[in-house]
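Notes follow the structure.
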Amino acid sequence: MIVVNAANKPDSGFEGDNNTISIITRDEKVINYDAMSKEKCAYAILNKIADFVC
């Protein structure tokens with residue numbers, strides 16, 4: 001699994017309050033997310049990890 005953050009978008013990245021992420025799964029499926037809080041991004045990432053483990 002690879003997680004990519006679109007840091008070039010306004011209010012996303014290290015200095016912004018939000019992130020806009022894409023998750024690439026092991027079967028090369030790309031899941032794009034709209035801008036959301038960093039906390040919600042963390043939950044989205046953890047939920048995808050749980051999908052692989054469980």
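Annotations for the structure displayed:
- Computed label-point distance, nm, for sites ASN32 and GLU15 using a 7 Å Cα→Cβ extension: 2.6 nm
- Loop sites in the chain: GluC sites (Glu not before Pro), DSSP, at most 15 other Cβ within 10 Å: GLU15, GLU28
- Taking 10 °C and 1.306 mPa s as conditions, the chain diffuses translationally at an estimated 140 µm²/s according to Stokes-Einstein applied to its Kirkwood radius (Cα pairs).
- Virtual spin-label span in nm between ALA42 and VAL4, 7 Å along Cα→Cβ: 2.5 nm
- Per-residue HN-Hα couplings for segment 6-21 [Karplus 6.51, -1.76, 1.60; θ = phi - 60°; Hz; x = Gly/Pro]: 7, 6, 8, 8, x, 6, 10, x, 5, 8, x, 8, 10, 10, 10, 10
- Lys, Arg +1 and Asp, Glu -1 on Cβ, resulting dipole of the chain about Cα centre, debye, nearest 20: 140 debye
- Nearest-ten-degree value, helix 38-53 long axis tilted from longest Cα axis of the chain: 10 degrees
- Ordering of 20-27, 43-50 by packing is 20-27, 43-50, highest average first (other Cβ atoms within 10 Å, averaged per residue).
We did not get these values from a lab; they are worked out from the coordinates using the rules stated. The structure displayed is predicted, hence computed values, not measured ones. Counting neighbours? That spans all protein chains shown, and the Cβs are built from the backbone with ideal geometry, glycine included.
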